[in-house]
Amino acid sequence: MSDNCIFCKIIRGDFGTEFVYETENTVVFNDINPAAPVHMLVCPKVHVESLNELEDTALMSELLQTVKAVTKKVGLKAYKTQINTGKEAGQEVFHLHIHVLGGWNK
Ligand code: 5GP
Ligand code: ZN
């Protein structure tokens, strides 16, 4: 948990954000500024700044399993995933997250 991290606050429940899906170590919520009809963010519950800081291979696996489970849950057969790593690559929130975009032809 990082006191200055907006995603840690969301994950802690500070804003009452609805979780689309949740596992022991991961959580999924909708992006506030969607770039597709469905735009979800898959995050570890623990604060990890970016993919570069992710050492836990079990958590890495759980994040991808969550992508599969949540897309199945919301009925997305086709979707794009994106991980922005580093400011120059467009990362704005420094809590690791996988963008899941889809819903064009659900
Ligand atoms: P990044 O650019 O770091 O890869 O992506 C950050 C994403 O988080 C952006 O798509 C942005 O719209 C989203 N975002 C930023 N602040 C909030 C927030 O407070 N709530 C939610 N649900 N999404 C946010
Ligand atoms: Zn965080």
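Here are a few things to note about the model shown:
- Selection of region 15-34 for residues being touching a residue at least 40 places away in the same chain (Cβ under 8 Å) and within 7 Å of ligand 1 (Cβ to nearest atom) yields only ASP31.
- HIS47 being within 11 Å of the chain's Cα centre (by Cα), within 12 Å of ligand 2 (Cβ to nearest atom) and surrounded by 14 or more Cβ atoms within 10 Å (Cβ to Cβ): no
- Of the residues in region 84-92, none is surrounded by 16 or more Cβ atoms within 10 Å (Cβ to Cβ) and either part of a helix (DSSP H, G or I) or aromatic (Phe, Trp, Tyr) (or both).
- Hits in region 34-66 (condition: part of a loop (DSSP other than H, G, I, E, B) and more than 15 Å from LEU101 (Cβ to Cβ)): LYS45, VAL46, HIS47, VAL48, GLU49, SER50, LEU54, GLU55, ASP56
- Annotation note: of LYS73, LYS9, the sole residue that is touching a Phe, Trp or Tyr at 6+ places or on another chain (Cβ under 8 Å) and without any contact (Cβ under 8 Å) to a residue 12 or more places away in the chain is LYS9.
- Subset of region 1-41 that is within 14 Å of ligand 2 (Cβ to nearest atom) and of a type in the set (A, V, I, L, M) - its residue that is farthest from the chain's Cα centre (by Cα): MET1
- Residue in region 67-76 that is in a strand (DSSP E or B) and surrounded by 12 or more Cβ atoms within 10 Å (Cβ to Cβ) present: no
Values quoted throughout were computed directly from the atomic coordinates according to the rules given, and no laboratory measurement underlies them. Given the structure is predicted, the values throughout are model-derived calculations rather than measurements. Methodologically, a virtual Cβ is constructed for each residue, glycine included, from the backbone with ideal geometry; neighbour enumeration extends over all protein chains shown.
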